[in-house]
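Beneath this line is the structure, given in structure tokens, with notes to follow.
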Amino acid sequence: MPTSTQTTVAERLNACIRDVPDFPQPGILFKDITPVFLDWQLCSDIADELISRLATKPDAVCVVESRGFFIGMLLANKLRIPLVPVRKKGKLPAETRAFTYTLEYGTATLEIHKGVIQKGWNVLIHDDVLATGGTAVAAAELVREEGGTIAGFAFIVELSFLHGKEKIASYTSQIESVISY
Ligand code: AMP
């Protein structure tokens, strides 16, 4: 337990997150995590914090383009497990499986390389921010369709007022974020 003179990972993270109003569109308060990457120790501690909460060691970590890639690689490396990227449509070069989901305006499609997730793998899904949960659901569905199970979700930030957790609660009870707003 931290003493009163020590700051927690969440407190240090909170001090580094930059709020950018009206990005990428009016009315959105964007949580910019790029200042976090200037502090290598904090990045490492964020990964350790998320890993410390996992009930079981996953077989792989599935990371969502693009801001999920940064801490996602640290998670995979520290856990010594494979990293599997989920990318926006048209970015992955080999044969892919796609999942299309609804956004506030229009749709989005995420893809995963076919045959990378091994049958029965228990996969941790990581992204930087949990907002409405649509992206996390898409990643989870791709993992499941490829034969994996969902070990948990690990986010840097949760925007709890958007209730994304409710959307992904049916996959697993292991839903972690370092900080929640
Ligand atoms: P979601 O609504 O949970 O599907 O979030 C969609 C994606 O957009 C996630 O990968 C987040 O990284 C990103 N995102 C959504 N809302 C925000 C926000 N307010 N600040 C930063 N990133 C966001």
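Some notes on this structure:
- Residue ranges of strands (runs of 3 or more DSSP E) in the stretch 67-181 with at least 3 members of a type in the set (Gly, Ala, Ser): 149-158
- Residues in the stretch 14-33 that are modelled with pLDDT of 95 or more and open to solvent by less than 70 Å² (accessible area, probe 1.4 Å): Cys16, Ile17, Val20, Phe30, Lys31, Asp32, Ile33.
- All positions within the stretch 52-64 that are open to solvent by less than 40 Å² (accessible area, probe 1.4 Å) and either within 15 Å of Ala140 (Cβ to Cβ) or in a helix (DSSP H, G or I) (or both): Pro58, Ala60, Val61, Cys62, Val63, Val64
- Matching residues, the stretch 65-81, being touching a Leu at 6+ places or on another chain (Cβ under 9 Å) and open to solvent by 60 Å² or more (accessible area, probe 1.4 Å): Phe69, Met73, Asn77
- If you go through the stretch 99-131 and keep only what is of a type in the set (Phe, Trp, Tyr) and within 13 Å of the ligand (Cβ to nearest atom), you end up with Phe99, Tyr101, Tyr105.
- Candidates Gly134, Gly152, Gly148: the one that is open to solvent by less than 20 Å² (accessible area, probe 1.4 Å), within 18 Å of Ser66 (Cβ to Cβ) and either modelled with pLDDT of 95 or more or more than 10 Å from the ligand (Cβ to nearest atom) (or both) is Gly134.
- Residue within the stretch 28-35 that is within 15 Å of the ligand (Cβ to nearest atom), of a type in the set (A, V, I, L, M, F, W, C), without any contact (Cβ under 8 Å) to a residue 60 or more places away in the chain and more than 28 Å from Ile150 (Cα to Cα) present: yes
The values are calculated or read from the model by the stated rules, or taken from the named source; none is laboratory data. Here the structure is a predicted model, which is why all the values come from computation and not from measurement. Reconstructed Cβ throughout: ideal geometry from the backbone, glycine too, with neighbour counts over all protein chains shown. The accessibility values were calculated without ligands, DNA or RNA, using every heavy atom of the protein model including side chains. Shrake-Rupley method; radii C 1.70, N 1.55, O 1.52, S 1.80 Å.
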